[in-house]
Amino acid sequence: MSDYLRKHTFPDDLKKMDFDELELLCYELRDFLVESVSETGGHLASNLGIVEITVALHKCFDTPYDKIIFDVGHQSYVHKILTGRIEGFSGLRQLDGMSGFPKSAESVFDLFDTGHSSNSISLGLGMAAARDLKKENYKVVSVIGDGAMTGGLAFEALNNAGNMNTDLIVLLNDNGMSISDNTGGLSKSLGRITSTENYIHAKTSVKRGLSKVPVIGEGVISGIHKAKEGIKYAVIDGILFEELGFKYLGPIDGHNVKELVKTFERAATIGGPVLIHATTRKGKGYSKAEEKPNVFHGIGPFNPDTGETSPSGLSYSKVFGSEFLNMALRDDRLVAISAAMTEGVGLVEFAKLCPDRFYDVGIAEEHAVSFAAGLAKAGLKPFAAIYSTFLQRGYDEILEDVCLQKLPVTFCIDRAGVVGADGETHHGIFDIAYLKSMPGMEIMAPRDGNQLRAMLEYARTCEGPCAIRYPRGSALSLDFESSVESGRAAVLREGTDVALWAVGNMVPHALEAAEILSEKGIEAAVIDPVFIKPVDAEMVMKYGRKTPLTVTVEDGVISGGFGETLSSILSSEDCRVVNLGWPDRFIEHGTQKELYERYNLHGAGIAERILIEKEN
């Protein structure tokens with residue numbers, strides 16, 4: 001650990017540092033980030049890119065009295081160091097250790113438990129409005145990336161903020177990327193902007209001049225207004241923020257502490273909403289991250305000298321990407337949609353080979369879903385590959401624009417279930433519960449990579465909406481037939497003492513539990529429902545009558561989950577039903593294995609629960 005960083009008391013010591021000392025601090029911070037994250041894994045590139053911005057923020061503003069809100073929050077490592085949490089980095093993203101995102105329970109400097117994008121301006125505006133109502137005078141700064149600015153929520157907030165005209169500082173960290181490269185008109189517009197200082201000075205001069213003229217005719221005012229607008233559009237290529245009611249400062253060098261400090265100090269004295277546009281480089285200061293910022297966005301432990309990580313197996317994401325490409329080469333109706341996660345969901349190769357059939361819509365899941373509906377209505381077969389936790393944002397669009405219209409959109413739900421170190425905001429444990437209630441929606445969960453391939457082929461011919469949920473991590477290859485027939489379950493192991501229904505990636509755990517139980521004289525049938533919806537009610541009834549105990553296990557919340565469906569079907573039968581899954585709470589961060597064990601959703605835990613039920 002850096003002795004230099006350890007000897008300081010942050011953020012108080014920042015106030016005493018001159019610019020030379022701040023430059024040294026930035027160097028030490030980057031060195032520490034690479035050293036620390038190489039051991040624990042984490043979000044490296046984004047944090048390397050925001051070092052100077054974070055230092056300048058804590059230099060200029062009186063935190064935690066003044067409020068800083070980080071959009072998404074994965075770029076808050078420097079903020080955590082500068083608010084006294086450097087000792088926590090040895091346990092970063094580890095079970096019971098420090099979170100990789102802002103957590104209000106961790107520190108008074110963290111205002112919200114963030115993890116999803118595009119909401120920081122809304123949150124900041126709400127706090128600013130409350131401040132005004134209570135006649136307080138703290139500053140509010142919402143830090144948002146250009147990737148997050150592709151989300152519609154950000155523009156809803158900008159529109160509202162400009163109308164309210166309250167004091168709010170929005171800091172746009174423009175590094176040209178989200179996780180994958182940014183796409184869309186906003187990204188291109190930001191890239192063209194070079195300077196607005198001339199316009200700002202011109203506007204100020206005109207205003208001062210007019211204030212000295214006692215009487216001005218309407219025609220003169222109109223002419224000056226038109227001239228001002230002409231100057232504005234001549235000097236600025238991206239005037240969007242000013243039109244929304246913000247005073248625009250920038251673009252400025254986001255790696256120049258002195259320029260940042262001066263700009264922040266100026267912004268703090270300007271009334272009304274202000275937007276500061278700072279340009280940065282993702283991965284700044286570590287060549288491996290600068291060359292491959294997408295790889296070092298979220299990375300496991302790595303060798304800091306080479307940038308190499310330990311090899312991993314074939315992931316479910318890669319299985320999806322490979323099989324979808326094979327299908328698309330045979331069926332030209334197939335198109336793919338990503339929400340700024342091209343690499344994460346396994347669509348890089350498809351995007352290269354079929355660029356005219358691939359759409360990256362940016363961090364805009366609601367739009368992604370309705371866009372897919374439009375594609376389907378026009379006769380194509382869209383596959384929208386989106387992380388489970390982010391698909392939550394498109395709930396209404398799935399219901400109204402896809403299910404109500406009975407459109408053949410396939411949702412490939414990546415990172416379903418607990419995902420590990422990213423924790424509460426990223427676990428995909430709610431999709432079963434919110435999709436299951438939607439009329440016409442078919443939901444599948446593969447137990448291994450082979451079954452995922454079969455489910456994708458089924459989805460290709462499906463005439464209505466369907467979803468395939470699969471977990472983060474390496475895809476298994478189990479020795480079972482992988483046929484997929486709508487609403488038909490698969491019996492993987494026979495037994496007469498208990499019927500164990502295991503959804504998707506919980507099948508291996510259930511099989512392990514059955515082996516443990518067998519050694520104790522209890523024979524458990526293991527059944528893969530294959531379809532979460534429609535459920536194989538005939539099979540449920542058959543085994544509900546055959547065995548005295550039915551147990552369900554799913555990598556999703558119990559409330560509203562698959563288990564409740566089985567409980568409802570068997571409610572009239574003389575059969576006990578026990579539902580296992582995630583409890584009614586937000587699940588902390590830790591490895592998937594650690595969390596399964598803590599909540600007794602691994603083989604031994606499932607077997608133990610069944611033994612207890614059999615004894616009662």
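The values are calculated or read from the model by the stated rules, or taken from the named source; none is laboratory data. Remember, predicted model here, so these are calculated numbers, not experimental data. For neighbour counting, all protein chains shown are included, and Cβ atoms are generated from backbone atoms with ideal geometry for every residue, glycine included. Ligands, DNA and RNA are excluded from the accessible area calculation, which covers all protein heavy atoms including side chains. Shrake-Rupley method; radii C 1.70, N 1.55, O 1.52, S 1.80 Å.
If Gly307 meets every condition in (1) outside any loop (DSSP other than H, G, I, E, B); (2) open to solvent by less than 40 Å² (accessible area, probe 1.4 Å) apart from one, which number is that one?
Looking at each condition in turn, Gly307 falls short on (1).
Given the criterion modelled with pLDDT under 50, farther than 27 Å from Leu14 by Cβ and either open to solvent by 40 Å² or more (accessible area, probe 1.4 Å) or in contact with a Lys or Arg (Cβ under 6 Å, 6 or more places away or on another chain) (or both), identify the matching residue among Val213, Val220, Val206.
Unique residue meeting the criteria: Val206.
Would you call Ala378 among the hydrophobic types (A, V, I, L, M, F, W, C) and within 22 Å of the chain's Cα centre (by Cα)?
no
For Glu290, state whether it is within 20 Å of Met455 (Cβ to Cβ) and acidic (Asp, Glu).
No; evaluated as a whole, the condition is false for this residue.
I'm checking my understanding of the structure. Among residues of the range 487-499 that are in a loop (DSSP other than H, G, I, E, B) and under 11 Å from Pro529 (Cα atoms), which one is most open to solvent (accessible area, probe 1.4 Å)?
Here the answer is Arg488.
Here is a check on your reading of the model: is Val143 hydrophobic (A, V, I, L, M, F, W, C), in contact (Cβ under 8 Å) with a residue 60 or more places away in the chain, outside any loop (DSSP other than H, G, I, E, B) and open to solvent by less than 30 Å² (accessible area, probe 1.4 Å)?
yes
Among the residues of the range 310-329, write down those that are outside any helix (DSSP H, G or I) and surrounded by 13 or more Cβ atoms within 10 Å (Cβ to Cβ).
Selection gives Leu314, Ser315.
For the range 500-520, does any single residue satisfy the condition of being touching a residue at least 60 places away in the same chain (Cβ under 8 Å), in a strand (DSSP E or B) and under 19 Å from Leu566 (Cα atoms)?
Yes - at least one qualifying residue is present in the range 500-520.
For the range 46-73, which residues satisfy the criterion of being in a strand (DSSP E or B) and open to solvent by less than 20 Å² (accessible area, probe 1.4 Å)?
Within the range 46-73, Ile68, Ile69, Phe70 qualify.
Could we say that Arg576 is touching a strand residue (DSSP E or B) at 6+ places or on another chain (Cβ under 7 Å) and among the charged types (D, E, K, R) here?
yes
Taking the range 581-611 as the search range and keeping residues that are among the basic types (Lys, Arg) and closer than 23 Å to Lys103 by Cβ, which one is least open to solvent (accessible area, probe 1.4 Å)?
Per the criteria, the residue is Arg598.
From the residues in the range 91-133 that are under 16 Å from Thr63 (Cα atoms) and of a type in the set (Ser, Thr, Tyr), which one is surrounded by the most Cβ atoms within 10 Å (Cβ to Cβ)?
Ser107
Is at least one residue of the range 248-257 assigned to a helix (DSSP H, G or I) and either open to solvent by less than 40 Å² (accessible area, probe 1.4 Å) or at pLDDT below 95 (or both)?
So far as the range 248-257 goes, yes, one or more of its residues are assigned to a helix (DSSP H, G or I) and either open to solvent by less than 40 Å² (accessible area, probe 1.4 Å) or at pLDDT below 95 (or both).
Could you look through the range 413-431, keep only residues that are of a type in the set (D, E, K, R) and surrounded by 20 or more Cβ atoms within 10 Å (Cβ to Cβ), and pick out the one that is nearest to Val37 (Cα to Cα)?
Asp422
If Val361 satisfies all but one of (1) at pLDDT below 95; (2) within 27 Å of Lys284 (Cα to Cα), what's the number of the condition it fails?
Looking at each condition in turn, Val361 falls short on (1).
Could you count how many residues in the range 561-580 are among the charged types (D, E, K, R) and either under 29 Å from the mean Cα position of the chain (by Cα) or buried (at least 20 other Cβ atoms within 10 Å of the Cβ) (or both)?
Of the residues in the range 561-580, 1 are among the charged types (D, E, K, R) and either under 29 Å from the mean Cα position of the chain (by Cα) or buried (at least 20 other Cβ atoms within 10 Å of the Cβ) (or both).
Hey, any hits in the range 31-45 for a residue that's open to solvent by less than 10 Å² (accessible area, probe 1.4 Å), in a loop (DSSP other than H, G, I, E, B), of a type outside the set (D, E, K, R) and touching a Pro at 6+ places or on another chain (Cβ under 8 Å)?
Checked against the condition, which is being open to solvent by less than 10 Å² (accessible area, probe 1.4 Å), in a loop (DSSP other than H, G, I, E, B), of a type outside the set (D, E, K, R) and touching a Pro at 6+ places or on another chain (Cβ under 8 Å), the range 31-45 yields at least one hit.
Which ones in the range 432-459 are surrounded by fewer than 24 Cβ atoms within 10 Å (Cβ to Cβ), charged (D, E, K, R) and in contact with a Leu (Cβ under 7 Å, 6 or more places away or on another chain)?
The one that is surrounded by fewer than 24 Cβ atoms within 10 Å (Cβ to Cβ), charged (D, E, K, R) and in contact with a Leu (Cβ under 7 Å, 6 or more places away or on another chain): Asp448.
Just one of the numbered conditions (1) touching a Leu at 6+ places or on another chain (Cβ under 7 Å); (2) assigned to a loop (DSSP other than H, G, I, E, B); (3) of a type in the set (A, V, I, L, M, F, W, C) is not true of Val484; which one?
(1)
Considering every residue within the range 357-370, establish whether at least one is open to solvent by 20 Å² or more (accessible area, probe 1.4 Å), over 21 Å from the mean Cα position of the chain (by Cα) and in contact (Cβ under 8 Å) with a residue 12 or more places away in the chain.
yes
For Phe19, which of the numbered conditions (1) of a type in the set (A, V, I, L, M, F, W, C); (2) open to solvent by less than 60 Å² (accessible area, probe 1.4 Å); (3) farther than 21 Å from Val143 by Cβ fails to hold?
Answer for Phe19: the failing condition is (2).
Read through the list (1) assigned to a helix (DSSP H, G or I); (2) open to solvent by 10 Å² or more (accessible area, probe 1.4 Å); (3) not small (Gly, Ala, Ser), then give the number of the only condition that Asp332 fails.
Tallying (1) assigned to a helix (DSSP H, G or I); (2) open to solvent by 10 Å² or more (accessible area, probe 1.4 Å); (3) not small (Gly, Ala, Ser), Asp332 fails exactly one: (1).
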